[in-house]
Structures are given as C-alpha cells and as structure tokens.
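> The following block contains the structure, expressed as structure tokens.
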Amino acid sequence: MVVGLSRGQASEVLECSPQILLVWERRGLIPKPQRRPGGWRVYTPEDIESIARHKAVMREVRQSYAKDTR
C-alpha cells in the first residue's frame with residue numbers, strides 16, 4: 001500500500017486549495033502523484049517537497065513580475 005497524504009491533507013500542509021493541485025498536475029507543473037488501488041491520489045513526502053519548491057518559485061515569479069510592472 002502506498003503511504004502518504006490525501007489531496008485534502010496535502011493541500012492543508014501546502015496551504016493551497018485541493019483544486020490547485022489538480023490544475024498544476026494537469027498542466028504538468030508538478031509530478032503526478034502515486035495512486036492507491038481505488039484510484040485516490042497519494043502525495044508522498046517527496047511530492048510535498050517538490051510542490052513546496054514549485055510554490056516558492058511561482059511566488060518569486062509573481063513578486064518579480066509585480067516589481068517590474070510598477
């Protein structure tokens with residue numbers, strides 16, 4: 001059995017909505033998580049780390065863009 005967090009649990013840890021995780025996954029911005037036998041997504045600690053890095057980069061890009069447009 002795959003051990004990790006559900007999408008809801010992962011979104012709480014990452015402080016984002018569960019829907020944004022799906023959007024990022026569909027757009028190929030984050031790796032697809034493993035799935036349990038029933039098809040539910042399972043976010044491993046490595047997935048959480050990767051998504052947290054992605055969030056940090058996106059935040060820096062937004063901040064940089066905001067500074068450039070002033």
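The values are calculated or read from the model by the stated rules, or taken from the named source; none is laboratory data. Predicted model, so just to flag it, every value in this text is computed and none were measured. All Cβ positions, glycine included, derive from the backbone under ideal geometry; neighbour counts span all protein chains shown. The accessibility values were calculated without ligands, DNA or RNA, using every heavy atom of the protein model including side chains. Shrake-Rupley method; radii C 1.70, N 1.55, O 1.52, S 1.80 Å.
> Considering the Cα trace of the chain, what is its radius of gyration and what is Dmax, both in angstroms?
Radius of gyration, then largest Cα-Cα span, for the chain: 13.7, 51 Å.
> What's the carbon and sulfur percent of the chain's accessible surface, probe 1.4 angstrom, rounded to a whole number?
Carbon and sulfur atoms account for 53 percent of the accessible area of the chain.
> Separate question: Any idea what the relative contact order of the chain is, in percent, if you count C-alpha pairs under 8 Å spaced at least 6 apart?
In percent, rounded to a whole number, it is 34.
> Another question, if that's okay. With springs only between Cα atoms under 10 Å, which of ILE48, ILE30, ILE20 fluctuates most in a Gaussian network model of the chain?
ILE20
> Using a Förster distance of 25 angstrom, determine the FRET efficiency expected from the C-beta separation of LYS67 and ILE20, and round it to 0.05.
Using R0 = 25 Å, I get an efficiency of 0.60.
> Same structure, new question: Tell me the per residue accessible area of the chain using a 1.4 Å probe; a whole number in Å² is fine.
Result: 75 Å² per residue.
> Could you pull the accessible area for ASP68 with a 1.4 Å probe, rounded to 10 Å²?
Accessible area of ASP68: about 120 Å².
> Also: Any chance you could run the full-extension gain for GLU46 through VAL2? It's 0.36 nm times the residue separation minus the Cα-Cα distance, nm to one decimal.
Length difference between fully extended and current span is 14.5 nm.
> Just in the chain: which GluC sites (Glu not before Pro) are loop by DSSP and have at most 15 other Cβ atoms within 10 Å?
Of the GluC sites (Glu not before Pro), the ones in loops of the chain whose Cβ has at most 15 other Cβ atoms within 10 Å are GLU15.
> Once you have the Cα-Cα distance between GLU12 and MET58, take 0.36 nm times their residue separation minus that, and quote the gain in nm to one decimal.
14.7 nm
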